[in-house]
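A.B. asks: Pasting a structure below so you can have a look.
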């Protein structure tokens with residue numbers, strides 16, 4: 001109680017002294033004790049500095065020296081750790097530390113000082129506030145983020161999310177409170193990233209998303225309930241779309257139709273290869289979404305730099321989708337050839353896929369016409385293994401299996417063709433010129 005009264009006396013003394021001038025009513029004593037404690041601080045001796053500093057803070061107004069407040073914070077932080085096993089004394093010291101922060105914010109509030117002042121206040125609140133004060137700390141962090149926005153310390157929005165979840169677990173916050181805290185944390189971090197991009201901020205965003213996802217606070221059904229009406233009332237609101245995409249992604253709720261609608265909405269506002277590809281993935285996983293999936297993958301290709309590898313990667317994946325999911329061999333081969341043309345990195349894989357496709361084609365006709373696709377399949381497997389040693393052994397296995405389906409030499413002779421002749425295969429809308437191969 002005496003310590004609390006002392007703090008009050010100090011506060012009034014400092015306020016009264018401020019009215020008397022820069023160094024207060026007793027300027028000589030103020031300057032004397034400022035000088036005394038600063039000598040010890042320069043030597044790194046905070047214990048010896050403490051008594052004179054306390055004299056200075058009692059005699060001098062806050063505006064006498066900002067360093068007086070900053071040095072006092074160092075002294076008090078050290079003392080808090082010294083008295084960590086004495087809860088009463090520790091609390092008194094923490095209260096004094098917070099009082100110093102408030103003095104600094106009130107008296108040094110120009111743009112040069114206010115941002116670090118508020119960030120440091122928030123950091124000390126997080127570091128020294130004791131259990132049971134979560135709501136108080138949460139509110140301080142909220143005020144700091146609102147005030148300094150993109151200049152917030154990266155740790156603040158992350159810890160802000162921690163406190164929101166703790167308050168929910170203790171029954172003081174609702175699901176919507178946590179949801180709003182998540183959105184605010186992400187918004188602040190994104191503004192920091194925009195102002196000054198760094199891996200630290202990227203990691204912080206991932207941390208907040210993981211915290212929210214792992215908290216189990218809101219189920220997928222709950223998210224749909226919360227955001228469904230917001231989306232319906234304004235399906236082109238970028239902030240709503242962004243929130244839906246971020247939240248549903250971080251909570252693995254991407255199977256929800258609302259998520260797909262939000263991605264489509266964002267793609268209309270800001271089309272990109274990434275959003276088009278995501279829509280391809282979403283539609284390709286549904287029985288009725290094939291046409292949409294193809295449409296969005298084609299957009300992904302068109303929105304990419306044709307000289308980069310991403311366009312080739314998209315074309316190759318589209319080729320695989322055409323072949324494996326849709327059974328459209330013509331389009332599959334066209335997409336695979338496009339991938340090979342766009343990037344040398346995809347040539348071997350594309351040829352391997354084309355060879356595989358030709359080996360599955362069932363052509364009508366005579367003994368030669370029905371077996372000729374295996375010659376084309378062999379051609380492409382040879383190209384693949386010659387380009388990529390990693391595919392060589394697997395390609396050779398396929399080639400060996402194709403040989404069993406080559407026509408017999410005698411049968412080929414009956415059709416006036418022999419090994420090494422050029423032969424054009426035309427089947428199922430596809431056409432390739434290949435080399436005749438037979439079994440002896």
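The values are calculated or read from the model by the stated rules, or taken from the named source; none is laboratory data. No experiment lies behind these values; they were computed from the predicted model shown. Neighbour counts run over all protein chains shown; Cβ positions are idealised from the backbone, glycine included.
A.B. asks: Within the stretch 235-255, track down each residue that is within 19 Å of residue 221 (Cβ to Cβ) and surrounded by 15 or more Cβ atoms within 10 Å (Cβ to Cβ).
C.D. replies: Correct list: 240, 243, 244, 245, 246, 247, 248, 249, 250, 251, 253, 254.
A.B. asks: Go over the candidates 22, 55, 2 one by one and state the one that is modelled with pLDDT of 95 or more and surrounded by fewer than 18 Cβ atoms within 10 Å (Cβ to Cβ).
C.D. replies: 55
A.B. asks: Which of the residues spanning the stretch 422-434 are within 14 Å of residue 371 (Cβ to Cβ) and more than 52 Å from the chain's Cα centre (by Cα)?
C.D. replies: If the condition is that a residue be within 14 Å of residue 371 (Cβ to Cβ) and more than 52 Å from the chain's Cα centre (by Cα), then 423 is the only one that fits.
A.B. asks: Given (1) closer than 26 Å to residue 178 by Cα; (2) in a helix (DSSP H, G or I); (3) in contact with a helix residue (DSSP H, G or I) (Cβ under 6 Å, 6 or more places away or on another chain); (4) without any contact (Cβ under 8 Å) to a residue 60 or more places away in the chain, identify the lone condition not met by residue 243.
C.D. replies: Among (1) closer than 26 Å to residue 178 by Cα; (2) in a helix (DSSP H, G or I); (3) in contact with a helix residue (DSSP H, G or I) (Cβ under 6 Å, 6 or more places away or on another chain); (4) without any contact (Cβ under 8 Å) to a residue 60 or more places away in the chain, the lone unmet condition for residue 243 is (4).
A.B. asks: Turning to a different aspect of this structure: What about residue 361, is it farther than 30 Å from residue 225 by Cβ, buried (at least 18 other Cβ atoms within 10 Å of the Cβ), more than 20 Å from the chain's Cα centre (by Cα) and touching a residue at least 60 places away in the same chain (Cβ under 8 Å)?
C.D. replies: In short, yes.
A.B. asks: Between 193, 183, which is within 17 Å of residue 251 (Cβ to Cβ), in a helix (DSSP H, G or I) and in contact with a helix residue (DSSP H, G or I) (Cβ under 6 Å, 6 or more places away or on another chain)?
C.D. replies: None of the others qualify; the one that does is 183.
A.B. asks: Considering each of 338, 393, 401 in turn, give the residue that is surrounded by 19 or more Cβ atoms within 10 Å (Cβ to Cβ), at pLDDT 95 or above and either on the phi < 0 side of the Ramachandran plot or in contact with a strand residue (DSSP E or B) (Cβ under 6 Å, 6 or more places away or on another chain) (or both).
C.D. replies: After applying the criteria, what remains is 338.
A.B. asks: Does residue 153 count as assigned to a loop (DSSP other than H, G, I, E, B) and under 30 Å from residue 199 (Cα atoms)?
C.D. replies: yes
Residues checked against (1) surrounded by 15 or more Cβ atoms within 10 Å (Cβ to Cβ); (2) without any contact (Cβ under 8 Å) to a residue 12 or more places away in the chain; (3) closer than 23 Å to residue 208 by Cα:
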position: 221; (1), (2), (3): no, yes, yes
position: 227; (1), (2), (3): yes, no, yes
position: 257; (1), (2), (3): no, yes, no
position: 261; (1), (2), (3): yes, no, no
position: 267; (1), (2), (3): yes, no, no
position: 277; (1), (2), (3): yes, no, no
position: 293; (1), (2), (3): yes, no, no
position: 296; (1), (2), (3): yes, no, no
position: 311; (1), (2), (3): yes, no, no
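A.B. asks: Do we find a residue being under 30 Å from residue 303 (Cβ atoms), touching a helix residue (DSSP H, G or I) at 6+ places or on another chain (Cβ under 6 Å), in a helix (DSSP H, G or I) and not assigned by TED's automatic domain parsing to the domain that holds residue 280 anywhere in the stretch 361-381?
C.D. replies: Yes, the conditions are met somewhere in the stretch 361-381.
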